[in-house]
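The values are calculated or read from the model by the stated rules, or taken from the named source; none is laboratory data. No experiment lies behind these values; they were computed from the predicted model shown. Glycine also receives a Cβ, built like all others from the backbone with ideal geometry; neighbour counts cover every protein chain displayed. SASA here: full protein model, heavy atoms, side chains in, ligands and nucleic acids out. Shrake-Rupley method; radii C 1.70, N 1.55, O 1.52, S 1.80 Å.
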Amino acid sequence: MTDQTPIRLKSYICGTWNPGARDGQLLRDAGTGAPIATIDASGIDMAEALAYGRKSGAALRAMTFHQRAEMLKALGKHLSALKDEFHALSLATGATPRDGMVDIEGGFHTLFSYSGQGRRELPNTRTLVEGNVEPLSKDGSFSAQHILTPLQGVAVHINAFNFPVWGMLEKLSPTLLAGMPAIVKPASQTAYLTELVVRRIVESGILPEGALQLICGSTGDLLDHVTEQDVVTFTGSAKTGRMLRTSKAIVENSVRFTMEADSLNAAILGPDAVAGTPEFDLFVKEVVREMTVKAGQKCTAIRRVIVPRTQVQAVTEALETALSRMGVGLPGDEGTRMGALASLSQRDEVRARIRDLQADAEIVVGNPDAVTLVSGDPDEGAFLNPVVLYCDKPGKAQAIHDVEAFGPVSTLMPYDDLGEAVVLSQRGKGSLAASVFTDSPEVAEEAVLGMAPFHGRILLGNRASAKSSTGHGAPLPNLVHGGPGRAGGGEEMGGIRGVKHFMQRTAVQGTPKLLSAVTGRWIAGAPTRDDTHPFRKSLAELKVGDRIVTEKREITLADIEHFAEFTGDTFYAHMDEDAAKANPFFDGRVAHGYLIVSFAAGLFVQPDPGPVLANYGVDNLRFLTPVYPGDVLGVALTCKEINPRETADHGEVRWDCVVTKQDGSPVAQYDVLTMVAKTWPA
């Protein structure tokens, strides 16, 4: 073991770095055993930290979604430029450079992903409007709208040791985008890497002060002071999560609590995926990868390997061959394919759980008590070679469906028909992830429909997606991460779904005028302004509610026939009077729906060069009433929503478009989407 003076980790609380009041716990390099750091959070006033975060949160809430999205992008760029520094320290956690990419670059990718989603999918406002207006009166004078606003508390994120960077950033990304400050508490074993990243974040000045605080060490009485405006998230063991979930303040104040716990994830080899098929090879490759990436210390790692009984021997031999090539050693060494577990105590824990599994299963690959290395010291480093167990009668077993060895350990179990395989996957009592390797649509359908209620995510692996698949164990920012039952019953990420976890959904009722003022979005019945043609107004002049009511245009039979000939759309309802009358929806030949949309554009468009730069689409187009030759159409086009872009000289404008005919009945309704200059002339 190398002599090395350990660094003193500090918590970042109330705008200052705090080393704690005691000597603290010594943290060691997972591969060499050398001292890395000491950690202690005693003496910190946790109630004050929460109060500081709540007060500081006003700065985040004052920003729009797009401003927060740009903040995440800037943070991702800043941290990416420093990745070499993070990778160098990551080796001490036992992670190989490949493992480090999953953790470090994976965390940065999440920042960039949420930044992009925030700009694409959220308005440039501070309030998020959800769903359609709900009319509550016949005359339109009373309506309701659901909105979401940021909670005014603090999000407390308690993270696991296995992903000290990604584990923090995958929670911070949606939290900050929602407009909520956070306190991050990393697991002690690898907190030195989290602390380094937080230091670089603080130094950057990108986040408003108080948006991020860090606790290195025990949370003490932190959870005794949470309120209804706070959120607590936890990643770790189900046992610890259950204890935290039932703490007094969380229960009494109905604090939002999200748990993501380790689970007994399964991979199923389809009955069609016999030895020699691409799916068989992909299955073996994925099991080996999930056993060895991060030394199997992943909450999504494959713990139960479920295969047709006829394929047990072939799978066992393939796993043994592949795992024998996985050289275990110091994570920075060239010959190492799998690094160390996070600590010696973690290795002891995994060995104990393997003994528990042996109540149902026998070891067929590896020896947990005899470590074979390509480099390093088996006594000083937390090394463990991969272990595969086999349970011949998994339907009658219990331990293999209850016990998780959080390391490079999987249990192989056979099935005789696909229904049995599905039931075995369900025995995990709720998992984060599962995978099915098959090229059969029938197998995929039966397996997914049987497994979905018990799993947060299911990967279907086959030859067609072999090169593009992200794999069994990769949680993606735009997909839900979480699962029912043992997996915690929580949900993280999932794109904008994850942002809403840190916001309060409120139903607001009132007149259209007042609802429009609250939401910043025009709704039918709210005031309008009919002065200058709105297409002549830049964003500096345009207001929600600006409107044009057009002149009228009569639809003729010649119009319909010309449109049919010009476009090639000669559907019988437009061209054959008798056939159209036989249609239960029509009384004769009708105008094309897209003819109506085209003529509507001709009525409301202002043709001269001006601030409207482009039309980029329509949303929610509906044709409501047939239009016949002789009907006279008019359009009401109203500015519905304005979203200026933060980093461009233009923004998006959404227009409410209603096309009516001579009796006032609507024939078409939709949203027109345009790009409009912020100023004009530009």
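Listing for the model above:
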item	result
Tilt relative to the chain, helix 312-324 - C-alpha long axis, 0 to 90 degrees, to 10	80
Under-5 Å amide H pairs with E492, H placed in peptide plane, nonlocal only	H481, G482
Sites matching trypsin sites (Lys or Arg not before Pro) across the range 439-498 that sit in DSSP coil, with at most 15 neighbouring C-beta atoms within 10 Å	K467
Spacing of the two label points (7 Å from each Cα toward its C-beta) at A466 and E646, in nm	4.3
Alpha-carbon centroids, the range 101-115 and the range 438-503: separation in whole Å	19
Distance from the range 567-600 to the range 305-322 (C-alpha centre basis), Å	61
The range 524-682 - Rg over Rh from alpha carbon coordinates, Kirkwood radius	1.04
Viscosity 0.692 mPa s, temperature 37 °C, Stokes-Einstein D of the range 387-471 from Kirkwood C-alpha radius, µm²/s	235
For the range 290-368, alpha-carbon Rg relative to the globular expectation (2.2 N^0.38 Å, N residues)	1.19
Overall dimensions of the chain as given by Cα atoms, namely Rg and Dmax in Å	30.1, 95
Gained length - F142 relative to T227, 0.36 nm times residue gap less alpha-carbon distance	27.2 nm
Probe 1.4 Å - accessible area at D377, Å² to nearest ten	70
Net charge contributed by nearby residues that have their C-beta within less than 9 Å of G634 (K/R +1, D/E -1)	+2
Trypsin sites (Lys or Arg not before Pro) restricted to DSSP loop in the range 551-600 with at most 14 other C-beta within 10 Å	K552
Given the chain, longest segment not containing exposed loop GluC sites (Glu not before Pro) (DSSP; at most 11 other Cβ within 10 Å)	1-333
Segment R22-T567, extension gain: residue separation times 0.36 nm, minus the distance between their alpha carbons	188.2 nm
Cα-centred dipole magnitude for the chain, charges only on beta-carbon of K, R (+1) and D, E (-1), debye, nearest 20	1600
Stretch gain in nm, segment R242-R200, where the contour uses 0.36 nm per residue and the Cα spacing is subtracted	11.8 nm
Whole-number Å³ per residue for the convex hull built on Cα positions in the range 303-450	124
Eligible aspartates and glutamates near K239 by straight Cα distance, threshold 14 Å, same-chain separation 8 or greater	E260, D262, D402, E404
Gyration tensor (alpha-carbon) shape descriptor, the range 409-532, a/c threshold 1.5	prolate
The chain, accessible area per residue, ligands and nucleic acids excluded (1.4 Å, Å²)	41
Cα-only Debye scattering, the range 609-655: base-10 log of I(q)/I(0) at q = 0.32, 0.33 Å⁻¹	-1.35, -1.36
Whichever lysines have a C-alpha closer than 30 Å to that of K678, once near sequence neighbours (fewer than 8 apart) are set aside	K73, K77, K500, K513, K537, K543, K640
Loop sites in the range 544-642: chymotrypsin sites (Phe, Trp or Tyr not before Pro), DSSP, at most 12 other Cβ within 10 Å	F571, F585
Long-range Cα-Cα pairs in the range 227-323 (distance over 16 Å), rounded percent	64
Debye log10 I(q)/I(0) at q = 0.19 Å⁻¹ for the range 145-209, Cα point scatterers	-0.75
Theoretical FRET efficiency, 1/(1+(r/R0)^6), r = Cβ-Cβ of E554 and K393, R0 56 Å, to 0.05	0.10
Angle between the chain longest axis and helix 191-204 axis [Cα atoms, degrees, rounded to 10]	40
Cβ-Cβ FRET estimate between K285 and N253, R0 fixed at 35 Å, reported to 0.05	0.15
With Cα atoms, 0 to 90° folded angle of helix 97-121 axis to the chain main axis	20
The range 468-526 - Rg and Dmax from Cα coordinates, angstrom	18.3, 51
Rounded accessible area of C657 (nearest 10 Å², 1.4 Å probe)	0
Cβ-Cβ FRET estimate between V364 and D417, R0 fixed at 22 Å, reported to 0.05	0.40
For the range 434-476: rounded, prolate or oblate by the Cα gyration tensor [a/c cutoff 1.5]	oblate
Rg/Rg_globular for the range 11-114, with Rg_globular taken as 2.2 N^0.38 Å and Rg from C-alpha atoms	1.35
Accessible carbon and sulfur surface of the chain relative to its total accessible area, %, 1.4 Å	52
Whether the range 80-131 is rounded, prolate or oblate, judged on the alpha carbon gyration tensor where a/c under 1.5 counts as rounded	prolate
15 Å beta-carbon shell around L169, net charge (K/R +1, D/E -1)	+2
